[in-house]
Amino acid sequence: MNRREDRGGVSVEMAIAVPMVVLMLFLLIGGFNYSRGQIAVSSAAGSAARAASLQRSPAGAQAAAIASAHANLDSRCARVTAAVNTGSFQRGGQVAVTVTCTVSTRGLTGVGLGGSLDITASATSPLDVYRGVALGHREDR
């Protein structure tokens, strides 16, 4: 085998391999950051559902869930929305909260790519059977 035929082979291999390794690195970083965001939103949904379940009225539950979601995610998200389902807000019932966080993809991979991504999580929290719920009148026990 002649050495002249092999000249420049390493350069071609590096020109192909280095961009692939960098791309894989960016995908790994992006996946890690997306997973961190998903965990944060899931935790915020759980906290919001718990805060809502501690309230005595559906209106109070709505306000507490929204305040909790914003308190947990305002520093991480461009926009935070919380949908609260108080349809079964009664003794032994439950309250469900769905939190959506809009994150900029600019910081996801560390490269200035534009765009945004919505991360959504839901959580349900039971209402205590042995507590009163404000309904405008005293409940029979």
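The values are calculated or read from the model by the stated rules, or taken from the named source; none is laboratory data. Everything numeric in this text was worked out from a predicted model, so none of it was measured. Backbone-built Cβ (ideal geometry, glycine too); neighbour counts: all protein chains shown.
The table below gives the values:
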quantity	calculated
Candidate set: segment 25-63, residues that are under 22 Å from L117 (Cα atoms), among the aliphatic types (A, V, I, L, M) and exposed (fewer than 14 other Cβ atoms within 10 Å of the Cβ); chosen: the one nearest to the chain's Cα centre (by Cα)	I39
Positions within segment 84-112 being modelled with pLDDT of 90 or more, out of contact with any Cys (no Cβ under 8 Å at 6 or more places or on another chain) and either closer than 14 Å to S43 by Cα or among the aliphatic types (A, V, I, L, M) (or both), in sequence order	V84, V95, A96, V97, T98, V99, T100
Residues satisfying the stated conditions in segment 66-93, i.e. of a type in the set (A, V, I, L, M, F, W, C), touching a helix residue (DSSP H, G or I) at 6+ places or on another chain (Cβ under 6 Å) and without any contact (Cβ under 8 Å) to a residue 40 or more places away in the chain	A69, L73, V80, A82, V84
Checklist (1) modelled with pLDDT under 85; (2) surrounded by fewer than 19 Cβ atoms within 10 Å (Cβ to Cβ) applied to D128, failing item	(1)
Failed condition for A121, given (1) modelled with pLDDT under 90; (2) surrounded by 12 or more Cβ atoms within 10 Å (Cβ to Cβ)	(1)
Scope segment 90-108; condition surrounded by 18 or more Cβ atoms within 10 Å (Cβ to Cβ) and touching a strand residue (DSSP E or B) at 6+ places or on another chain (Cβ under 6 Å); matching residues	V95, A96, V97, T98, V99, T100, C101, V103
Some residue of segment 64-83 being at pLDDT below 90 and crowded, with 19+ Cβ neighbours inside 10 Å	yes
Checking V22 against (1) assigned to a helix (DSSP H, G or I); (2) surrounded by 14 or more Cβ atoms within 10 Å (Cβ to Cβ), the condition it does not meet	(2)
